[in-house]
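The values are calculated or read from the model by the stated rules, or taken from the named source; none is laboratory data. Everything numeric here is computed off the predicted structure, so don't read it as measured data. Here the Cβ is made from the backbone with ideal geometry for all residues, glycine too, and neighbour counts use every protein chain on show. Only protein heavy atoms, including side chains, enter the accessible area calculation; ligands, DNA and RNA are left aside. Shrake-Rupley method; radii C 1.70, N 1.55, O 1.52, S 1.80 Å.
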Amino acid sequence: MSNIIFFGPPGAGKGTQAKIISEYLNVQHLSTGDILRKKLLEKDNLAIELKKIMASGNLVSDDILNSIVSSRLSKESGKGFILDGYPRTLHQSEFLNNFLSKTSSSINYIFNIQINFETLKNRILKRSSEESREDDNVDVIETRYNEYLNSTQKVTNSYKDIYRPNFYEIDGSLEIEEITQNIKEILKKS
């Protein structure tokens with residue numbers, strides 16, 4: 001059983017790698033982005049509020065995400081999981097750490113996919129045209145990237161300090177297959 005977190009800026013390939021590694025290890029991939037996009041298809045008040053938040057490029061509140069993630073992790077207890085897009089804030093990381101402590105779980109691997117902004121922007125715009133994602137445009141990309149720098153990068157650095165032996169830097173500018181191979185080699189060594 002492996003519990004894994006993928007960090008990196010929006011568009012770095014976290015979701016792609018999380019899906020591949022999820023199938024490779026046969027553990028549940030919990031993508032907050034996918035969960036939220038599914039919620040947007042519903043027509044309730046929360047879906048309408050989420051649509052406004054996500055269209056502007058801002059992050060969904062900690063309380064909403066903490067509730068969603070803890071509910072999903074409870075269902076996966078003892079089976080392993082891969083988190084992609086969570087935790088993004090120090091408050092979320094504290095919540096996750098407390099949840100893991102209460103359930104006697106821990107994080108086995110943390111992969112931080114690093115990539116420069118220009119490569120990232122081009123990648124997201126390409127994805128946007130291929131997948132018709134409304135939340136992928138230049139203004140939103142810049143907002144999400146700045147939010148990442150101001151918030152999520154602090155969480156990443158905190159986890160790097162706390163989980164140093166389980167923390168791995170990954171070059172996100174490589175081809176998908178090369179990134180996957182690098183991650184699989186790390187998983188095989190442990």
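Apply 1/(1 + (r/R0)^6) to the Cβ-Cβ distance of Lys184 and Ile48, taking R0 = 41 Å, and write down the FRET efficiency to the nearest 0.05. Let's see the in-between values first.
On the way: r = 41 Å, r/R0 = 1.00.
Efficiency, from the Cβ-Cβ distance: 0.50.
Under the rule of -39500 (n - 2.57) per DSSP H run of 4 or more residues, summed and divided by the residues of the chain, what mean residue ellipticity at 222 nm is obtained, to the nearest 500 deg cm²/dmol?
Numbers: 9 runs with 109 residues, N = 190.
Value at 222 nm, helices only: -18000 deg cm²/dmol.
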Say we join alpha carbon atoms closer than 10 Å with springs in a Gaussian network model of the chain; which of Ser173, Ser74, Ser93 then has the biggest fluctuation? Ser74
If you bin the C-alpha pair distances of the range 51-190 every 5 Å from 0, what whole percents do you get? 2, 8, 15, 19, 20, 18, 13, 4, 0
If I take every Cα pair under 8 Å that is 6 or more residues apart in the chain, average their sequence separation and divide by the length, what percent do I get for the relative contact order? 34
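How much accessible area per residue does the range 16-169 have, counting only protein heavy atoms and a probe of 1.4 Å, in square angstrom?
Values: 8320 Å² over 154 residues.
Per residue, the range 16-169 has an accessible area of 54 Å².
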Glu178 accessible area, 1.4 Å probe, all protein chains in place, Å² to nearest 10: 90
What dipole magnitude, in Debye to the nearest 20, does the chain give about its Cα centre under +1 on Lys/Arg Cβ and -1 on Asp/Glu Cβ? 480
Using a Gaussian network model on the chain with a 10 Å cutoff between Cα atoms, which of Gly80, Gly11, Gly33 fluctuates the most? Gly33
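Hey, any idea what % of the chain's accessible area is carbon plus sulfur with a 1.4 Å probe?
Roughly 47 percent of what the probe reaches on the chain is carbon or sulfur.
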